[in-house]
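Q: Quick one: this structure, given as structure tokens, is what I'll be asking you about.
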Amino acid sequence: MGKVVAIGGGELRKGETYILDKYIVELSGKKEPKLLFIPTASQDALGYITLIEEYFGEFGCCVDSLCLITDIYTNEEIQSKILEADIIYVGGGDTVRMMETWKKYHVDTYLKEAYLQGTVLSGLSAGSICWFEFGYSDSDSFVNNGQWDYVRAYGLGLIPAAHCPHYNEPGREGFDKMMCGESIVGIALEDNTALIEENGQYSILKADKERKAYIFKTVDSELKKKN
């Protein structure tokens with residue numbers, strides 16, 4: 001049980017995360033895995049769905065989407081789509097609203113079941129934060145044009161840590177302050193890097209050797225950061 005590939009960010013169209021995405025497919029152990037894309041965070045953006053279908057189709061995946069914003073499903077259909085997939089890939093966007101929608105349709109519960117049965121859970125940005133206890137999110141920017149600030153967005157807690165994606169971007173250093181006094185570990189990932197969890201073992205995979213990943217831990221009331 002337990003397979004998660006959390007990607008800090010990167011442009012699929014430019015092939016920036018190719019190495020990471022190839023690893024996701026290989027981790028399924030299937031030649032033609034069933035990949036379920038969940039684009040809730042982007043409000044089921046059609047262009048995003050088309051991109052994922054074409055992109056992962058080139059890896060040999062049979063791609064389906066769970067469009068909770070634009071389509072209507074029965075509870076049984078949602079459960080079936082999630083639990084029959086070999087790979088779950090969650091897209092970027094508004095983490096807070098995504099988690100609210102997932103709870104409404106019990107997607108959070110089914111994803112935890114999928115984790116326990118060994119399904120590969122993956123994604124980037126919002127699709128990375130969702131696997132952690134909480135993350136440093138720009139969700140406020142999707143509802144407030146102009147003045148906004150980063151917020152704490154709660155995830156599924158499959159990885160017992162806090163998380164900041166896109167750590168190479170200006171403004172993301174505020175995650176350092178968020179972690180002050182926290183009892184759990186913090187994981188900050190720059191774009192084109194991924195944290196991999198497999199059966200309780202953790203590792204870092206990079207699509208760009210120049211990018212970095214950081215771990216934060218409070219020791220004797222002082223925040224320590226290392227890459």
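Q: How do R152, R211 stack up against each other in accessible area, from largest to smallest, with a 1.4 angstrom probe?
A: Solvent-accessible surface, decreasing: R152, R211.
Q: Which of the peptides 173-182, 157-166 is most tightly packed, and how do the rest follow, going by the mean number of other Cβ atoms within 10 Å of each residue?
A: Result, highest mean first: 157-166, 173-182.
Q: How much length is gained if the chain between S141 and K31 is pulled fully straight, taking 0.36 nm per residue apart and subtracting their Cα-Cα distance, in nm to one decimal?
A: Length gained between S141 and K31: 35.7 nm.
Q: Counting every Cα pair in the chain, what percent are over 34 Å apart?
A: Tail fraction, whole percent: 9.
Q: Sticking with this one: Using Cα positions and a limit of under 15 Å, work out the aspartates and glutamates in reach of K209, with same-chain residues fewer than 8 apart set aside.
A: Qualifying aspartates and glutamates at Cα under 15 Å: E16, E190, D191.
Q: Sticking with this structure for a sec: Return the lysines within reach of K81: Cα separation strictly under 28 angstrom, same-chain partners fewer than 8 residues apart disregarded; answer none if there are no such residues.
A: Within reach: K3, K22, K30, K31, K34, K103, K104, K112.
Q: Any chance you could run the full-extension gain for K217 through K103? It's 0.36 nm times the residue separation minus the Cα-Cα distance, nm to one decimal.
A: This chain segment gains 38.1 nm when fully extended.
Q: Same structure again: Rounded to the nearest 20 debye, what is the charge dipole size of the chain about its Cα centre when +1 sits on each Lys and Arg Cβ and -1 on each Asp and Glu Cβ? Write out the running numbers ahead of the final one.
A: Working: 23 positive and 35 negative charges, 111 e Å.
The calculated dipole for the chain is roughly 540 debye.
Q: Also: Taking 10 °C and 1.306 mPa s as the conditions, I'd like the Stokes-Einstein D for the range 54-115 in µm²/s, using the Kirkwood hydrodynamic radius from alpha carbon pairs.
A: D, rounded to a whole number, is 126 µm²/s.
Q: Can I ask one more? Rounded to the nearest 500, what is the 222 nm mean residue ellipticity of the chain from helices alone, with -39500 (n - 2.57) per DSSP H run of 4+ residues and division by all residues?
A: About -7500 deg cm²/dmol.
Q: Considering every pair of different Cα atoms, what Kirkwood radius, in Å, is found for the range 25-76?
A: 11.8
The values are calculated or read from the model by the stated rules, or taken from the named source; none is laboratory data. Quick caveat: nothing in here was measured; it's all calculated off a predicted structure. No Cβ is skipped: glycine too gets one built from the backbone with ideal geometry, and neighbour counts run over all protein chains shown. Ligands, DNA and RNA are stripped out before the accessible areas are found, and what is left, the full protein with its side chains, is counted by its heavy atoms. Shrake-Rupley method; radii C 1.70, N 1.55, O 1.52, S 1.80 Å.
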